[in-house]
Amino acid sequence: MVTILQVVPRLDAGGSELATIEIAQALSRAGARALVATEGGRMAEAVGKAGGEIVPLPVASKSPFTILANIGRLTKLIRDRKVDLVHARSRAPAWSALLAARRTGKPFVTTYHGAYGETGPFKAAYNSVMAKGDRVIANSRYTASVIEARDASARDRIRVIYRGVDRSVFDPAAVDAQAVDALRAAWGVPPGTKIVLHAARLTSIKGQRDLIAAAALANAEGALRDAVVILAGDAPGHDAYREELTGLIARHGLGDKVRLVGHCREMPAAYLASQVAVTTSTVPETFGRTSAEAQAMGCPVIVPDLGALPETIVALGQSQAGFTGWLFPPRDIASLASRIGRALALTRAELASIGVRAREHVAANFTLAQMQGATLAVYDELLGTDLGERFERASPADLGAGGTNDR
């Protein structure tokens with residue numbers, strides 16, 4: 001039996017944590033053994049449910065002494081459990097995992113889940129481990145370009161694999177109409193009122209200030225006459241920012257037009273309830289999960305022409321007949337307001353047409369099964385195995401075309 005060891009600091013919440021569980025599920029489905037070295041967390045139980053096994057290790061620590069000690073711990077684990085390949089998903093444990101893999105002669109894979117800011121030579125050296133894999137998985141072409149700019153020697157080892165949307169969850173047919181009505185009622189949105197949805201945690205890099213300014217401009221032009229803007233997201237450790245946003249809403253006279261509703265647990269229903277989903281990030285995103293999820297629900301999107309976000313949509317102008325959303329210049333309030341106005345002016349027939357195209361776009365490029373199969377295919381490149389084919393045979397109905405681009 002092929003044994004794959006994934007190494008992730010903790011399993012609390014986030015893209016790397018979710019991907020760890022999703023790959024454990026895919027490995028189990030392909031008949032392989034999935035081990036996860038981690039300090040645990042609230043999502044740890046999901047690894048077992050996915051068919052994987054948790055191996056508790058102190059891999060979240062950034063202490064040099066712990067990182068050095070973890071080399072020995074991981075080396076022993078690799079030998080004792082006959083691990084065939086090691087996959088690291090974060091920088092601190094990646095250093096331990098790299099050296100343990102080299103000691104034991106096992107292939108080493110990394111995944112870039114973020115851009116990892118570099119503010120000096122020490123940080124650049126710390127980040128460099130993520131480009132040292134025998135294969136380096138980037139979650140978008142933008143991320144791949146960042147890796148290449150920092151380490152040109154990694155180019156031929158990079159594999160672009162987009163994040164995947166679980167279409168069994170993000171499926172309009174799977175959402176009860178009552179759930180949509182209940183969510184609208186909880187947000188205080190009357191029947192017939194259109195929703196502009198912004199789903200992101202409350203932090204300045206997500207651009208809520210820009211959206212409020214654009215809403216003020218759109219409202220002045222009458223575009224929000226029968227619409228509201230919903231800011232769905234919590235503010236852990238950012239209470240002052242939430243208060244600032246509340247003040248901005250009041251200052252612009254938007255108390256009845258822009259609402260802070262907190263964290264939303266029913267995102268499929270939220271997208272289904274909305275006329276358009278907006279992303280206003282002020283720094284480059286390395287993928288754009290909310291954009292892909294919204295389109296999977298048939299909801300058109302507006303995103304800045306920044307980072308990997310343009311990769312997630314078919315923009316107006318790229319395909320006049322087939323567009324799924326709009327790009328706008330980053331931080332351009334007037335352009336953002338204009339796109340919001342266009343989206344709110346769409347007829348039901350136009351919305352339905354965009355929705356069909358958006359769902360087809362996600363099905364062709366961003367499904368969970370595609371991400372899982374493409375990742376297992378990377379393992380196959382290094383091991384000479386057929387995990388990807390076995391996974392596909394075990395779940396043919398879930399797989400579509402595309403999803404990976406070798407570089």
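The values are calculated or read from the model by the stated rules, or taken from the named source; none is laboratory data. It should be emphasised that the depicted structure is a prediction, and the values quoted were computed from it without experimental measurement. Note: ideal-geometry Cβ built from the backbone for every residue, glycine included; neighbour counts use all protein chains shown.
Observations on the structure shown:
- Only a single criterion out of (1) in a strand (DSSP E or B); (2) closer than 20 Å to Ile158 by Cα; (3) of a type in the set (Val, Ile, Thr) is not satisfied by Ile23, namely (1).
- Any hit, the stretch 64-84, residues being basic (Lys, Arg), under 30 Å from Thr367 (Cα atoms) and either outside any helix (DSSP H, G or I) or at pLDDT below 95 (or both): no
- Some residue of the stretch 197-216 being in contact with a strand residue (DSSP E or B) (Cβ under 6 Å, 6 or more places away or on another chain), assigned by TED's automatic domain parsing to the domain that holds Glu360 and among the charged types (D, E, K, R): no
- The lone criterion from (1) of a type in the set (A, V, I, L, M, F, W, C); (2) touching a residue at least 40 places away in the same chain (Cβ under 8 Å); (3) under 26 Å from Ile230 (Cβ atoms); (4) not in a loop (DSSP other than H, G, I, E, B) left unmet by Val189 is number (4).
- Pairs meeting the criteria (first residue in the stretch 221-240 and under 21 Å from Ile333 (Cβ atoms), second residue of a type in the set (Gly, Ala, Ser) and in a loop (DSSP other than H, G, I, E, B), beta carbons under 6 Å, at least 6 apart or on different chains) are Gly233/Ala200.
- Among the candidates Leu35, Leu5, Leu11, Leu68, the residue that is farther than 25 Å from Arg289 by Cα and in contact with an Asp or Glu (Cβ under 8 Å, 6 or more places away or on another chain) is uniquely Leu35.
- Checking Thr385 against (1) assigned to a loop (DSSP other than H, G, I, E, B); (2) under 24 Å from Ser281 (Cβ atoms); (3) polar (S, T, N, Q); (4) at pLDDT 95 or above, the condition it does not meet: (2)
- Residue pairs whose Cβ atoms lie under 6 Å apart, separated by 6 or more positions or on different chains, with the first residue in the stretch 292-310 and under 20 Å from Arg342 (Cβ atoms) and the second of a type in the set (Asp, Glu) and outside any strand (DSSP E or B), are Leu309/Glu285.
- Where a residue in the stretch 322-349 is surrounded by fewer than 18 Cβ atoms within 10 Å (Cβ to Cβ) and its partner, wherever it lies, is of a type in the set (Lys, Arg), with Cβ under 8 Å and at least six apart: Gly322/Arg357
- Subset tally (residues that are out of contact with any Phe, Trp or Tyr (no Cβ under 8 Å at 6 or more places or on another chain) and at pLDDT 95 or above) for the stretch 156-172: 8
- Output for the stretch 85-105, where each listed residue is touching a residue at least 12 places away in the same chain (Cβ under 8 Å) and over 28 Å from Phe287 (Cβ atoms): Leu99, Ala100, Arg103, Thr104
- The criterion of at least 2 residues that are more than 17 Å from Asn219 (Cα to Cα) and assigned by TED's automatic domain parsing to the domain that holds Gln208 is met, among strands (runs of 3 or more DSSP E) falling completely within the stretch 243-341, by 258-262, 301-304, 325-328.
- If you go through the stretch 244-260 and keep only what is of a type outside the set (A, V, I, L, M) and touching a residue at least 40 places away in the same chain (Cβ under 8 Å), you end up with His252, Lys257, Arg259.
- On inspection, Ala37 does not qualify as in contact (Cβ under 8 Å) with a residue 40 or more places away in the chain, in a helix (DSSP H, G or I) and not assigned by TED's automatic domain parsing to the domain that holds Ala308.
- The single condition among (1) out of contact with any Lys or Arg (no Cβ under 7 Å at 6 or more places or on another chain); (2) surrounded by fewer than 20 Cβ atoms within 10 Å (Cβ to Cβ); (3) not assigned by TED's automatic domain parsing to the domain that holds Gly15 that Asp226 does not satisfy is (1).
- Residue count for the stretch 356-369 satisfying the condition of being buried (at least 24 other Cβ atoms within 10 Å of the Cβ) and either over 14 Å from Arg167 (Cβ atoms) or not hydrophobic (A, V, I, L, M, F, W, C) (or both): 1.
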